[in-house]
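Data first, discussion second: the structure below is written as structure tokens.
Values quoted throughout were computed directly from the atomic coordinates according to the rules given, and no laboratory measurement underlies them. Model, not experiment: these values are computed from the prediction. Don't worry about glycine lacking a Cβ; one is built from the backbone with ideal geometry, like all the others, and counts go over all protein chains shown.
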Amino acid sequence: MGAEALLEAVQTLAPQIKERAAETEAARCVPADLAQQLADAGVFRLYVPASLGGLEVDPLTALDVVEALAAADGSTGWTSFILNTSFFTSWLEPTVAKEILSTQPGSGMAGVFSPIGRATPDGDGGGFRLDGRWPFNSGSPHASWFCEGAFVVGDDGQPRTLPGGQPDWRFLFLPAAEVEILDTWHVSGLRGTASHDVAVSGALIPQERTTNPIFRPAPHDGPIFRWPFFSALASLMAAFPLGVARRALDEFATVATTKSRGSGATLADTDAVGLAMARSEAQLRSARAFVIDALGDGWQQALAGDALSTDKRVAIRIAALHAMRTGVEVVNTVFALAGGGALYETSPLQRCWRDIHAGSHHLFFSDDHTARAGRALLGRGGEDWMI
């Protein structure tokens with residue numbers, strides 16, 4: 001499926017996703033039939049190489065896809081880009097990756113790559129015994145495989161280090177049957193993402209089903225593999241706040257033309273609301289333009305056959321961070337202007353407000369990661385592999 005067909009499929013699904021947002025929230029999970037339609041469209045394998053059965057789209061197309069889904073429903077948009085954890089298989093040997101991805105063609109992969117778990121070398125088979133509990137596995141009921149992060153521990157029980165001094169941090173892949181999904185996702189925002197904890201106890205993971213995309217190159221030569229791991233991740237993360245904030249502005253425009261506060265005039269007839277709307281629209285469009293500019297520049301460099309330079313990596317990271325910060329400001333503005341009616345569950349504005357604030361709590365958007373990008377701009381911090 002090409003980029004045009006993919007976007008057409010997403011636009012066709014968007015009205016149904018929008019209409020069923022309350023159902024998604026009530027179930028605390030994207031409905032199975034919607035998830036299957038997204039899988040069939042290739043939404044969960046945007047960056048997976050074509051040679052492995054994926055779509056291998058460019059970052060601007062991926063941005064458009066996730067943004068459109070997040071505008072239809074924040075939980076569905078978030079679930080969709082997180083299930084693109086399937087992309088991480090691209091750093092495995094192709095025969096191993098193909099075997100994993102062929103289990104359920106088109107299905108997504110959930111997981112948390114933070115090294116929360118412990119991988120203990122298994123002396124008999126050369127693999128690892130994985131133990132741990134990982135929170136925030138978005139889309140977990142729809143995942144055919146999981147990818148969880150762990151430090152490899154030595155005989156002394158302490159994390160091992162690699163020859164270059166980096167920690168021996170592995171992404172370990174295991175089928176859904178080997179994890180226990182714990183019903184922990186009882187939250188306010190992104191309620192429909194099924195971001196449950198998962199637990200693993202002593203699962204045997206073969207050596208060939210472990211990798212680290214942060215420290216190792218992928219055995220593929222497509223342009224996206226000239227980008228470091230976090231730049232590809234940023235292109236997906238940036239789309240979520242842009243989509244939710246766009247939905248909030250569109251919803252408020254409808255509210256403002258019908259709601260009055262006793263004077264007979266609607267909100268849309270007041271200068272204060274007009275001023276706020278104009279500023280919010282400018283903020284959101286500017287943030288989106290920054291993301292498109294940063295992604296486009298980086299993509300041109302990759303198409304030329306070059307690895308992504310530090311300045312372009314930093315630009316992509318701060319564009320994604322700025323998209324979230326702007327999205328929160330825009331949603332806060334229109335949510336407040338809409339008044340008490342926005343508090344009701346029937347109002348999409350309250351869902352936009354809850355969802356974008358929940359998304360802003362992701363570690364990717366933290367002050368720590370923002371400061372990393374700022375230090376890079378100031379020429380401090382050396383070559384930061386987290387950017």
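Residues within the reach of a label modelled at S114 (point 7 angstrom out along Cα to beta-carbon, backbone nitrogen below 18 Å), restricted to the stretch 228-267, are 230, 233-234, 237. Each peptide in 270-282, 136-148, 234-246, 349-361 was scored by the mean count of other Cβ atoms within 10 Å over its residues; highest first, the order is 234-246, 136-148, 349-361, 270-282.
Normalising the average separation of contacting C-alpha pairs (under 8 angstrom, six or more residues apart) by the number of residues puts the relative contact order of the stretch 46-179 at 19 percent. Among Y47, Y344, sorting on how many other beta-carbon atoms sit within 10 Å of each Cβ, with the fewest leading, yields Y344, Y47. The alpha-carbon of K259 sits under 23 angstrom from the alpha-carbons of these lysines, leaving out residues fewer than 8 places away in its chain: K18. Computed from label points 7 Å out along Cα-Cβ, the spacing between Q166 and L343 is 5.0 nm. For E25, E178, E4, E93, the sequence from fewest to most other C-beta atoms within 10 Å is E4, E93, E178, E25. Here V331, V153 are placed in order of increasing Cβ neighbour count within 10 Å, fewest first, which gives V153, V331. Between R216 and T258, the contour length at 0.36 nm per residue exceeds the Cα-Cα span by 9.6 nm. Relative to the first principal axis of the alpha-carbon coordinates of the chain, what is the inclination of helix 310-337, with its axis defined by its Cα atoms, in degrees from 0 to 90 and to the nearest 10? That helix lies at roughly 40 degrees to the long axis. Between the C-alpha center of the stretch 30-52 and that of the stretch 228-263 there is a gap of 24 Å.
Toward the positive end of the charge dipole of the chain, with +1 on the Cβ of Lys and Arg and -1 on the Cβ of Asp and Glu, the farthest Cα among G189, P167, H142 is that of G189. For a paramagnetic label modelled on R279 (point 7 Å from Cα along Cα→Cβ), amide N atoms under 16 Å away belong, within the stretch 311-351, to 326-338. With both labels modelled 7 Å from their Cα along Cα-to-Cβ, the Q36 to T270 distance reads 4.9 nm.
Relative to the Cα centre, the charge distribution of the chain, modelled as +1 at Lys and Arg Cβ and -1 at Asp and Glu Cβ, gives a dipole magnitude of about 780 debye.
Compared with the dominant Cα axis of the chain, that is its longest principal axis, helix 239-256 is turned about 20°.
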